[in-house]
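*Asks:* Below is the structure I would like to discuss, written out as structure tokens.
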Amino acid sequence: MCMRILELLSGIDVPITNEESDLLNKFTDVLEINKKELNEREQYIANKLVERDVLTRRNQNGKIAYTKKIRD
């Protein structure tokens with residue numbers, strides 16, 4: 001399994017897997033992604049990235065969306 005290193009906005013480096021990197025690449029042209037746009041596996045990965053402070057999960061009016069917390 002290959003790993004990549006990302007820098008969080010706080011300046012901390014975090015290793016991520018290729019699968020996590022693929023999910024983060026979905027944010028290339030958008031600032032946030034709604035949970036309903038992700039399949040079940042992607043939702044699981046997104047929640048793991050929230051736990052690692054790579055993504056932020058917001059619940060606004062019952063709709064959950066994810067945004068990145070990393071430097072581009």
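*Asks:* So how compact is the chain: Cα radius of gyration and Dmax in angstrom?
*Replies:* 11.7, 38
*Asks:* I would also like to ask the following. Just to confirm the filter: which trypsin sites (Lys or Arg not before Pro) across the chain are DSSP coil and have at most 13 other Cβ within 10 angstrom of their Cβ? Let's see the in-between values first.
*Replies:* Details: sites: Arg4, Lys26, Lys35, Lys36, Arg41, Lys48, Arg52, Arg57, Arg58, Lys63, Lys68, Lys69, Arg71; in loops: Arg52, Lys69, Arg71.
Those satisfying the criteria are Arg71.
*Asks:* What number, in percent, do you get for the relative contact order of the chain if the mean sequence gap of Cα pairs under 8 Å and at least 6 apart is divided by its residue count? Don't jump to the answer; show the numbers that get you there.
*Replies:* Working: 90 pairs, mean separation 23.1, N = 72.
This gives 32 percent for the chain.
*Asks:* If you don't mind, there's one more thing I want to ask. Determine ³J(HN,Hα), in whole Hz, for all residues of region 7-22 in sequence, where each value follows from phi through the Karplus function 6.51 cos²θ - 1.76 cosθ + 1.60 and θ = phi - 60°; x replaces Gly and Pro.
*Replies:* 9, 6, 4, 7, x, 7, 8, 10, x, 10, 7, 4, 5, 5, 4, 4
*Asks:* Only helical DSSP H runs with n ≥ 4 go in: add -39500 (n - 2.57) per run for the chain, normalise by residue count and round the 222 nm mean residue ellipticity to 500 deg cm²/dmol. All intermediate terms of the calculation are to be shown ahead of the outcome.
*Replies:* Working: 2 runs with 19 residues, N = 72.
Result for the chain: -7500 deg cm²/dmol, rounded to the nearest 500.
Read-outs throughout are calculated quantities, based only on the coordinates presented, and are distinct from any laboratory measurement. Bear in mind that the values here come from a model prediction, so they are computed numbers and not experimental data. Here Cβ is always computed from backbone atoms with ideal geometry, including for glycine, and neighbour counts include all displayed protein chains.
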